[in-house]
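The values are calculated or read from the model by the stated rules, or taken from the named source; none is laboratory data. All values reported here derive from a predicted model rather than from experimental measurement. FYI the Cβ positions are ideal-geometry reconstructions off the backbone, even for glycines, and counts take in every protein chain you see.
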Amino acid sequence: MFNKVHRYIIYLVRFIKSPNKRNVIKELITEINRKGIITGVRSLLHKKSHFYEIDFDEEGSHPRKLSIKKYNKHTKIVLPKPAHPKVSIIIPIYNQVGYTYNCICSIYENNDFKDYEIIIADDNSAKNTDIIKNNFENIVILKNETNLGFLRNCNYAATKARGEYLVFLNNDTQVQKDWLAELLYIFENYKNVGLVGSKLIYPNGMLQEAGGIIWQDASGWNYGNRDNPLKPEYNYVKEVDYASGASLMIPNSVWKELGGFDENFIPAYYEDTDFCFQLRNKGYKVIYQPFSIVVHFEGVTHGRDLNKGMKKYQVENQKKFYDKWIGELKLKSENGKNIFIERDRTALKKHILVVDHYLPKVDKDAGSRCISNFIDSMIELDYHVTFLGENQKTPQHYMKHFQLKGVEILYGNNFNFHEQKWKKYLKEHLNYFDAILLSRSSVCSPILGFLRSHNYKGNIIYFGHDLGYLRLEEEAITKNDITIGKLAKKIKTEEDFMYKNADNALVLSYLELDYLKKYITKPLHYIPGYFFEVEKDVTPYESRDGILFVGGFNHPPNMDAMQWFLEEIYESLHKQQIKLVIAGSKMPESIFKYKNKYPLLSVLPDVSVEDLNTLYSKTRLAIVPLRYGAGVKGKVVEAMAKGVPVVGTEKAFEGMPKDKDFIYKGYNLAQELRDNILYTYSNKEYWETLSAFGKEYILHNFNKENMKVVFKSIIG
């Protein structure tokens, strides 16, 4: 009882502090009328429980708290004053000084990016707005002599903006951390973008809009309105029909090219939607950026009643918009239909679902790098990619990496693998997917069975990474372990099921391709598993030293390789002052213990991509002493792309495309491998020959275009 009373007191305090009391009272009356006094009050309290700092339970990819504040109006704030601002933030206002003040403070507080100016477009406010002028230094205030109306006010203010980019921001908003930098990110990383819109959140923490949908009759949806903003469908970069004018970024040059908002929509409403349609008509993209988050106190300026005041123009301008764009609107769906494709304008795209054990961690293991490369190739083919992982606990920065590329990641309890909750999603959306790429038999055999039992008509593609049972058979022989041999037989049964029941299969190794062709009748496709940017300017031989091993140590062949190398090979190399760096993920304690024996040994767990690139630029040789394994080795391909010669066993180069000019040879005996390391390490001419060959070989055999050709041949 005490806890409940305490919680309600907190709610009351938050309400008293709220800058939006009038709307809250209206919502309370609505709840009481619908549900009665007691239930209505409880319902509102529940909805408003995180009014000032909203914290969601859903595992997501955004900051866990939203900040909404009532700022101290007695504090003088010095805003940036760049000579040539990159961004001009235009805030149109008419009265509502309190909201405007808080909006400006939120911009100042939530931006590490300082190359901006703020322009207050005051449309002849009836109330005194001196507090804005007095409390903010370096702010630009444009005071109209007469009331121009919202649309003309924006158009006029834009003529005074000096920035390379314009941002139109409603005054009844509070921006969140890095809101502005996230908008700029899209223009810096996407081509032909004309406009980017933010994710809009209500002050109670619910979603207002994740991009907008325009239907056949010109009516519009704020997609996701009043839903949880951290759901997967609201958290990937995508093209949209329109983004609401509450927070938009537009290149100034594009704004001038189109001539601003169309004055046929005076005084307001549908001008932002019309502008988005004009952009597309000119060949530009309209993008929704979920990581640019803005809290919007909707309805503060114009209210919500469509029958009076400014809001009545919403109905009138819908008719104007319909008449202007009737040709394009005929291509849209009827209101509420085909939401899956209308929400991101993917009606004309191929939809691909990728399933793997977890979202690729591109700096951790070769398997992740491979799936990540596949996804990048599909994106370049203009496919829309959705990803489902068995392990849902993915660090935020990996999720964001793919969501910024436009990949919809299915996360959260609704996709729990152990409870097979993914079945509900597939039943509802199966027919939208043109192809489903299933990675690993251990993860995807239940899904393949489900797809066949539900007569899925699309293309089922299986990708096993390698023939795992062959690797286990070799490990069983190496270790003389009967248990591992039994596991190999079990995995062979699982993998054969996938190859025999999928429509197509991808194989990374020519050796495995030949092996499978002996008994698999379904189409098998060789595909390069990796592509790397080939190093143009390689650090010269004499500026390098040491040898390097890279690998994930949750992969048994890597662990075995380094134990063998450290026990039987490295000692004599160490005596000749050759440094060794071991870099990788899931580093076991047993590897660290070798540092006591070898002072020249460095062990680097969980290195970043940037640090790994630095290591490659400084090391003289990459070593790959694998005694068993399967498939093409990503570490070999990467080192060759960096211009670093590789010395390894036959397993290191297994399955790679080879012709008569392939100059690499593997050495399986400890003494042979050691001798080859010493020869390559000390012979500059031979080193340079291997370095040049490796770069040319990767350029020809492991590139994105080769990968794209395979997917296009299968999917279309």
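Any idea which residue in segment 254-287 is surrounded by the fewest Cβ atoms within 10 Å (Cβ to Cβ), counting only those that are in contact (Cβ under 8 Å) with a residue 40 or more places away in the chain and farther than 23 Å from D217 by Cα?
Among them, the one singled out is G283.
Got at least one residue in segment 539-556 being within 32 Å of the chain's Cα centre (by Cα), closer than 26 Å to K708 by Cβ and surrounded by fewer than 19 Cβ atoms within 10 Å (Cβ to Cβ)?
no
Scan segment 486-515 for residues that are of a type in the set (A, V, I, L, M) and in contact (Cβ under 8 Å) with a residue 60 or more places away in the chain and report the count.
5
Residue check, I569 against (1) surrounded by 14 or more Cβ atoms within 10 Å (Cβ to Cβ); (2) assigned by TED's automatic domain parsing to the domain that holds H397, all met but one. Which one?
(2)
What residue, of G211, G205, G197, is closer than 24 Å to S106 by Cα, of a type in the set (G, A, S) and at pLDDT below 95?
Answer to the check: G205.
Answer yes or no as to whether G389 is out of contact with any Phe, Trp or Tyr (no Cβ under 6 Å at 6 or more places or on another chain) and over 16 Å from V237 (Cβ atoms).
On the way: out of contact with any Phe, Trp or Tyr (no Cβ under 6 Å at 6 or more places or on another chain): no; over 16 Å from V237 (Cβ atoms): yes.
The answer is no for G389.
Given K536, K492, which one is farther than 30 Å from E688 by Cα and outside any strand (DSSP E or B)? Can you show your working first?
Working: K536 fails: farther than 30 Å from E688 by Cα.
Only one candidate qualifies: K492.
Against the definition (touching a Lys or Arg at 6+ places or on another chain (Cβ under 7 Å) and on the phi > 0 side of the Ramachandran plot), how does G643 come out, yes or no?
yes
State the number of residues belonging to segment 665-679 that are touching a strand residue (DSSP E or B) at 6+ places or on another chain (Cβ under 8 Å), farther than 19 Å from T478 by Cα and buried (at least 19 other Cβ atoms within 10 Å of the Cβ).
Qualifying residue count, segment 665-679: 1.
All but one of (1) hydroxyl-bearing (S, T, Y); (2) at pLDDT 85 or above; (3) farther than 18 Å from V354 by Cβ hold for S441, so report the exception by its number.
Failed condition: (3).
For K708, all conditions in the list (1) buried (at least 23 other Cβ atoms within 10 Å of the Cβ); (2) farther than 26 Å from E474 by Cβ hold save one; what is the number of the exception?
(1)
Only one of these is part of a loop (DSSP other than H, G, I, E, B) and under 22 Å from the mean Cα position of the chain (by Cα): F374, F387, F402, F417. Name it.
F417
Are any residues in segment 273-322 at pLDDT below 95, in a loop (DSSP other than H, G, I, E, B) and aromatic (F, W, Y), and if so, which ones?
Within segment 273-322, F297 is the sole residue that qualifies.
So is F662 closer than 30 Å to P523 by Cα and crowded, with 23+ Cβ neighbours inside 10 Å or not?
no
Would you point out which residue out of I131, I104 is part of a helix (DSSP H, G or I) and at pLDDT below 90? Walk me through it before giving the result.
Numbers: I104 fails: at pLDDT below 90.
From the options I131, I104, the qualifying one is I131.
If a residue must be surrounded by fewer than 16 Cβ atoms within 10 Å (Cβ to Cβ) and among the β-branched types (V, I, T), how many such residues does segment 118-140 contain?
1
Which ones in segment 453-473 are touching a strand residue (DSSP E or B) at 6+ places or on another chain (Cβ under 8 Å) and either surrounded by fewer than 20 Cβ atoms within 10 Å (Cβ to Cβ) or outside any loop (DSSP other than H, G, I, E, B) (or both)?
If the condition is that a residue be touching a strand residue (DSSP E or B) at 6+ places or on another chain (Cβ under 8 Å) and either surrounded by fewer than 20 Cβ atoms within 10 Å (Cβ to Cβ) or outside any loop (DSSP other than H, G, I, E, B) (or both), then Y456, G458, N459, I460, I461, Y462, F463 are the ones that fit.
Just checking, which of I578, I591, I582 is of a type in the set (V, I, T), assigned to a helix (DSSP H, G or I) and not assigned by TED's automatic domain parsing to the domain that holds D466? Reasoning before the result, please.
Numbers: I578 fails: assigned to a helix (DSSP H, G or I); I582 fails: assigned to a helix (DSSP H, G or I).
Exactly one of I578, I591, I582 is of a type in the set (V, I, T), assigned to a helix (DSSP H, G or I) and not assigned by TED's automatic domain parsing to the domain that holds D466, namely I591.
Can you tell me which residue in segment 197-224 is farthest from C103 (Cα to Cα), limited to those that are part of a strand (DSSP E or B) and small (G, A, S)? Break it down stepwise before answering.
Going through segment 197-224, the residues part of a strand (DSSP E or B) turn out to be 197-201, 207-209, 212-214, 220-222.
Those still in the list that are small (G, A, S) too: 197-198, 212, 220.
Details: G197: 17, S198: 15, G212: 23, G220: 27 Å.
Within segment 197-224, the match that is farthest from C103 (Cα to Cα) is G220.
Which fully enclosed strands (runs of 3 or more DSSP E) of segment 595-700 have 1 or more residues being in contact (Cβ under 8 Å) with a residue 12 or more places away in the chain and hydroxyl-bearing (S, T, Y)?
Counting at least 1 such residues, we get 601-605.
Which residue out of D356, D382, D363 is modelled with pLDDT under 90 and in the same structural domain as L437 (by TED's automatic domain parsing)?
None of the other options fit; the residue is D363.
Outside any loop (DSSP other than H, G, I, E, B), under 20 Å from G211 (Cβ atoms) and either modelled with pLDDT under 95 or touching a Gly at 6+ places or on another chain (Cβ under 8 Å) (or both): does that describe I436? Before you say what the answer is, go through the steps one by one.
Details: outside any loop (DSSP other than H, G, I, E, B): yes; under 20 Å from G211 (Cβ atoms): no; either modelled with pLDDT under 95 or touching a Gly at 6+ places or on another chain (Cβ under 8 Å) (or both): yes.
No, not satisfied.
Please identify the pairs in which a residue from segment 219-234 that is over 11 Å from K199 (Cβ atoms) has its Cβ atom under 7 Å from the Cβ atom of a residue that is outside any loop (DSSP other than H, G, I, E, B) and of a type in the set (S, T, Y), counting only partners at least 6 apart or on another chain.
G220/T273
Going through A583, A652, A622 one at a time, which residue ends up being in contact with a strand residue (DSSP E or B) (Cβ under 6 Å, 6 or more places away or on another chain) and under 15 Å from W564 (Cα atoms)?
A652
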